[in-house]
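Undergrad: If you scroll down you'll find the structure; I have some questions about it.
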């Protein structure tokens, strides 16, 4: 590839920018995963991952992907013919429901308009109606990456409890983990699904399951066939002893990334994402464009999906951004293809990288045939500047 | 980890030494896997991988492992209750049979003593006896990593044909691919299973399936549930369009490794492994130790398993090698634990790295209570020197 | 150092942002600089460096710095007591004159106000007045990094010629090379001084001399003592044969950087710098701040020095930018310390990185007590957007 | 360069193998050398470098080379016409004397046969004879890299003292520092010269001066012209404040290397070099070849120069080693060109890398027309094995 000057702006909502510290960590020579040294390393990492999920139970790290981690959650806990309740929040929720069907589960898929999170009240209703307890699991996407809409997980938990239903509760935290508040234990989640290439700032290749006691118990009797994803085989991995050769170098990268999140402080990380998200939304609104997520309190702090006006092709706009400004924006997936583009504000970002990205969008809009109503960059800077406090980051750096 | 001077000698049979060129390739920043640039890259890599398998069909690259690639082969082609014929060549063949059982297949497992490859005649007999054609697949490990024993794949193909049996033929080429001769098409293999961290010289994290037309046809009707491993979903990946976010940085590494193998020339790579294996075996025989693989023509060119005398603990020996000489040797797996250690001669190796490793073993033996009969290093150098030809490598370097 | 999220904005005028491709090139293992392989590599690099200087003569690459390259130019060509004519364009011109004095040369230092380039007319006058031809060299800084002021080198050459003076002509191109138009041969320069860490995008550690025939001739009789910097010893280096062990890994980086500049096309690189400089100056003017270089046509395309209002400490402002926005701005050097800060637009930059930097300055100004008159970012984006042409960069990428 | 399998054996006596930890440290992005962060980093490094030299005085780190560091020592302390006493121990001592002459000093060069260290008695005699104290400095190469001969520095100091001479004492520790015992303070050295690419395991590009109080005092009145190398300008660098932009990324590498040496413990490092040197010499003697250094107690622990039999061209032998075994051996320099080759055992080495190198030489000898008397590898392994103590390295690793 010939030289393109300056930094590529990778603004798709995953894979996100990998910090060079993570890349350097990954370039350490691979060594024997059966050595005491590696096992000590892996056990320590396993332990620290719990802090990221805010979970007291085991976290299994697969060579795989978020999709694989979905499959692990389902196949370890369910049996053929089991019912699962899912909510159509967007493209990824739809894919997950397709997977469940393919695996032989019976999906009750609450329809949605892809413009908001799932509705706890609807979930409660379905569960109450399920007198026969055919529904064995409720599966929700916390942050729907395709639309930038968040489902309030705590409220879903309350809904399940209110319905007095015994279903397991599985949450896809793929694009919220390490970016937005997420509490596996406190929110009563049974399996949380994650992956490496979003807020965790590691290249793709790892799928994660944080698993609670109720889910572990279910895995003893679950009859879906499984081997690669089997939690039983993975159990010793929390002590560093993997059943297969793990993705050693990606684990080196994950170690660095977890260190970085803990150095920043997870609450600071979450606040940073909130701040950058607010600035981004302010820009979109100043430009006079619609945000795909119609419910303000459901708007994601890791990605904002922007609806383009009728007659405009969002992918043509994305092409201009890439060619003119070396910036990759996220495409519309599934039924919103061409109708929206996505601006990530996730992972290894800060005020100026996000401001640079918004400058890129602002310059792209007219080239794509969209006349912005006002300067989105000015609106974003106003948000960012209003929160800059002398000494704050200095303190953090000390 | 505090500094240990000099190069670590990683002599386990996978993960193997990752060339720094591969590590550097992997440290390139991750970027959008939906970009035209990435798709062009991935399509090119997919195409070149066929050369490594010597296959004309698609090669699917999973975020996963060799184990995952086993599961992909089985779950894409078979249905619950199908019979599979397997041969107990060692630990990995045993694990594979366990997986098949767990997935709901009926395994006919030809017993073995872990000291030789599978016997084509036995396979032919079993197939002939299977009048009802309950056996839907013959699953063989080409190079049993746990014992260093090779099964002659071409002869197994002949046996299947001689039995006039329609079973599919699956071969685990995990520790032979890129090290020993392997011909997917010519040998009539339906699915070849590979992974990244052996002869391909890439860190672990990728599982590979080279798939023939007969296997693809079988996948249309196979009923084992699958999603993550589904070939149908993977089909566009050969054009660079992955169904999920692939392990981008590991693919960067794989690209570099495939380039390197093609630069060396696969036949040269194979000859190099044969030469280093011969030297290693000469050393073991000079020391007066047994090679686990009792059949000379079955002895592996990628790893040699060395039996320790009665009363010696092979793992205690390995510990001395690691502590005294910073060299990791492979452990005995499963039922040969403590009875043997393994010396890899696989991947990114040459005369002097292998000679250094053998020097390390030679110095370790007495410390572990084994008195060598003669110098294995001298025997190995004799082999290596006898094949050094002035100008040969110079030509290759030009 | 604890994690600071996102990309550090390194906006000092050297060292500039090192592209990761250069860093990766540098991480290749060091090898024998006396090998045929290295000598071929180094000879090729030497040859390509001429294209960067637009010089037909040798380019000597020292382990050193720009300061060292100054010393090499002087000590190879001059004798104790020789006169040199220099012009006080700023801090670096002043340092160079101090060096000349320390080396035993007699400096005629044309005074300046640090707000413009040197004046060719004054140079012509001094040379005409030098009837005895005591002045043996005219030494000019092309782009004064401390002030962002450019001296028109072609015009100085004309002035020397107009004065019919035989003095050698030395030009410091440290912060213009690879960023702004520079023509060693066409402009009749005898020695051009460069270094690695500015427009060449390589970490600091290399000093460069592009040497013309007249200078080489002078070196035969020059009497200043020298050894390390001696061109005679360096002559074989242009064939790859260095007199001492060269900075091998920095040369690996330089190779990558030269490749990148040639891929972009030097004229495109220069146009890019002009564009980013124009945007930056538009921002400064919109903010209502003074540009240190008072002569518009002397304003640098690689760095802009911004004067802060009376009562404001430019270094306090820089501290805020670093702490609040993780952006390093250049300090005022020498007599302008505290009176200005510098924004680099040099090396591996593009529209969005520069826009992000200007966003950072815009948010910093009020925190430092400066109320901007208008949005500099808006002014800069207007410049950048006016020049974006669909398809332009796409073509470059193909 | 096309792929060459396995590890390159870099056995030249500098540049030595750069540990990947150093290379990774160097691949960190360059940042502002005027920042508080960098200055803290550089001050800490400066302080730790004293431990390597075992010096209480400042250590100046130049972008340059060992040659540059020689020039710094001479030019900072001496005046034109000053006498210096040097001893012809080999090629590098000869080059240093040429430099001194070129700089205007008057060299008294004690002749030598390149087969031993300098003779303290001769030095004492010369100094005693120098009634007029024309000799201002005694300049000795501790470990003559071209011949592998060591001069006993402590004894030279005694000789100077015995002669009651006030000359300064300069020692080139380029290929002994970090490999062999060296004590700047205890041995009464005034300036120690070092560089990065030998025992310090960093790529070339740095020259070092450890400076004592007597030398600093001399620098106040020394009249040799200097600027780049001037200690006065370098003084603030010990506080992290460099007069010019330093080689930031090489300093990152040096930081890692110093950490590694201190982790190993300098005494352990020295013992390791002694052990590997002894093994190498045992191999040479078993082969029946001459060691260039004729005095056993002068034999270097960082490099062994091996004399080839009459009629053999050492460089032809080196070419075979490179082509056949991908091993770079050191050439004969100056008047011993073609008569010897050099095997380094310096820097990042251990038992097995050195054993591998010796295997390479053993296989090369017959190809080059030399019939070894006996196995040098067997002799070397005997030395190495005799010193292996179970638990020893384990303890170090804890």
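Undergrad: Enter the Cα centre distance for the pair the range B:190-227 and the range D:43-80, rounded to the nearest angstrom.
TA: 59
Undergrad: Show log10 I(q)/I(0) for chain D at q = 0.06, 0.14 Å⁻¹, two decimals, from a solvent-free Debye sum over equal Cα scatterers.
TA: Values, matching the q order: -0.24, -1.23.
Undergrad: Also, I was wondering about something else. Do the sum for chain A: with -39,500 (n - 2.57) for every DSSP H run of n ≥ 4, divided by all residues, what is the mean residue ellipticity at 222 nm, to the nearest 500 deg cm²/dmol? All intermediate terms of the calculation are to be shown ahead of the outcome.
TA: On the way: 14 runs with 166 residues, N = 398.
Roughly -13000 deg cm²/dmol at 222 nm, from the helical runs in chain A.
Undergrad: Over the range C:181-250, what number does the Rg to Rh ratio reach, with both radii from the alpha-carbon atoms and Rh per Kirkwood? Could you put the intermediate results ahead of the total?
TA: On the way: Rg = 13.4 Å, Rh = 13.8 Å.
Rg/Rh for the range C:181-250 comes to 0.98.
Undergrad: Right, another one. Computed FRET efficiency, Cβ-Cβ of residue C:51 and residue C:371, R0 51 Å: what is it to the nearest 0.05? Present the calculation step by step, with values, prior to reporting the outcome.
TA: Working: r = 47 Å, r/R0 = 0.92.
Calculated transfer efficiency: 0.60.
Undergrad: List C:147, C:30, A:101 from most exposed to least, where exposure is judged by having the fewest other Cβ atoms within 10 Å.
TA: Numbers: C:147 35, C:30 25, A:101 14.
Fewest to most other Cβ atoms nearby, the residues stand as A:101, C:30, C:147.
Undergrad: Still on this model: Roughly what percent of Cα-Cα pairs across the range D:54-119 reach past 16 Å?
TA: Values: 1116 of 2145 pairs.
The calculated P(r) of the range D:54-119 puts 52 percent of pairs beyond 16 Å.
Undergrad: Could you grab the Rg to Rh ratio for the range C:133-219? Cα atoms only, Kirkwood for Rh.
TA: Values: Rg = 13.1 Å, Rh = 13.4 Å.
So for the range C:133-219, dividing Rg by the Kirkwood Rh gives 0.98.
Undergrad: Using a 10 Å cut-off around each Cβ, can you sort A:221, C:349, C:235 from fewest to most neighbouring Cβ atoms?
TA: Numbers: A:221 8, C:349 23, C:235 15.
By the 10 Å Cβ count, ascending, the order reads A:221, C:235, C:349.
Undergrad: Moving on. Note the angle between two axes, namely the Cα long axis of helix C:376-386 and the longest principal axis of the Cα atoms of chain C, as a number of degrees from 0 to 90, rounded to the nearest 10.
TA: That works out to roughly 70 degrees.
Undergrad: Another question, then. Between the label point of residue A:162 and that of the same position in each other copy, find the distances and list them shortest first in nm, with every label point placed 7 Å from Cα along the Cα-to-C-beta direction.
TA: Shortest to longest, the spacings are 7.2, 8.7, 9.9 nm.
Undergrad: Take the alpha carbon atoms of the range D:166-206, find their radius of gyration, then divide it by 2.2 N^0.38 Å using N residues; give the quotient. If you can, show how the numbers build up before the last one.
TA: Numbers: Rg = 11.0 Å, N = 41, 2.2 N^0.38 = 9.0 Å.
Ratio of Rg to 2.2 N^0.38 Å for the range D:166-206: 1.22.
Undergrad: What's the angle, to the nearest 10 degrees (0 to 90), between helix C:153-162's Cα axis and the longest principal axis of chain C?
TA: The two axes meet at around 40 degrees.
Undergrad: Report, largest value first, the span of the C-alpha coordinates of the range C:324-380 along each principal axis, in whole Å.
TA: The Cα atoms of the range C:324-380 stretch 32, 29, 21 Å along their principal axes.
Undergrad: Would you give the gap between the C-alpha center of the range D:108-125 and the C-alpha center of the range A:299-350, rounded to a whole Å?
TA: 76
Undergrad: Taking R0 as 25 Å, what's the FRET efficiency between residue C:154 and residue C:382 from their Cβ-Cβ distance, rounded to 0.05?
TA: Rounded to the nearest 0.05, the efficiency is 0.20.
Undergrad: Taking residue D:309 in one copy and the same position in all the others, each labelled 7 Å out along Cα→Cβ, what are the pairwise distances from the first, in nm, shortest first?
TA: 3.9, 8.9, 9.1
Undergrad: What angle do you read, to the nearest 10 degrees and between 0 and 90, between the alpha-carbon axis of helix D:248-264 and the longest principal axis of chain D?
TA: So the inclination is approximately 70 degrees.
Undergrad: Using alpha carbons only, what's the Rg to Rh ratio of the range D:266-323 with Rh from Kirkwood? Before the final figure, lay out the partial values.
TA: Numbers: Rg = 13.2 Å, Rh = 12.7 Å.
Using Cα coordinates only, the ratio equals 1.04.
Undergrad: What would the Debye equation give as log₁₀ I(q)/I(0) for the protein assembly as shown at q = 0.04, 0.06 Å⁻¹, counting only Cα atoms as equal point scatterers?
TA: Relative scattering, expressed as log10 I(q)/I(0), comes to -0.28, -0.64.
Undergrad: Please arrange D:214, D:220 by counting, for each residue, the other beta carbons lying within 10 Å of its beta carbon, fewest first. Can you show the working numbers first?
TA: Numbers: D:214 17, D:220 10.
Starting with the residue having the fewest Cβ neighbours, the order is D:220, D:214.
Undergrad: Between copies, how close do the residue B:2 label points come, placed 7 Å along Cα→Cβ, listed in nm from shortest?
TA: 2.9, 4.5, 5.4
Undergrad: Enter the mean projected area of the convex hull around the alpha-carbon atoms of the range A:1-120, in nm², rounded to one decimal.
TA: Numbers: hull surface 49.4 nm².
The Cα convex hull of the range A:1-120, projected and averaged over all directions, gives 12.3 nm².
Undergrad: Where both partners of a DSSP beta bridge lie in the protein assembly as shown, what percent of those bridges are antiparallel, to the nearest 5? Present the calculation step by step, with values, prior to reporting the outcome.
TA: Numbers: 84 of 164 bridges.
Just about 50 percent of them are antiparallel.
Undergrad: Out of all DSSP beta bridges with both ends in the range A:21-263, state the antiparallel percent to the nearest 5. All intermediate terms of the calculation are to be shown ahead of the outcome.
TA: Working: 12 of 29 bridges.
For the range A:21-263, the DSSP antiparallel bridge percentage is about 40.
Undergrad: What number results when the radius of gyration of the range B:214-311, computed over Cα atoms, is divided by 2.2 N^0.38 Å?
TA: Values: Rg = 21.0 Å, N = 98, 2.2 N^0.38 = 12.6 Å.
So the Cα radius of gyration is 1.67 times the expected 2.2 N^0.38 Å.
We did not get these values from a lab; they are worked out from the coordinates using the rules stated. All of these numbers come straight from a predicted model, not from anything done at the bench. Note that we place each Cβ from the backbone using ideal geometry, even for glycine, and neighbour counts take in every protein chain shown.
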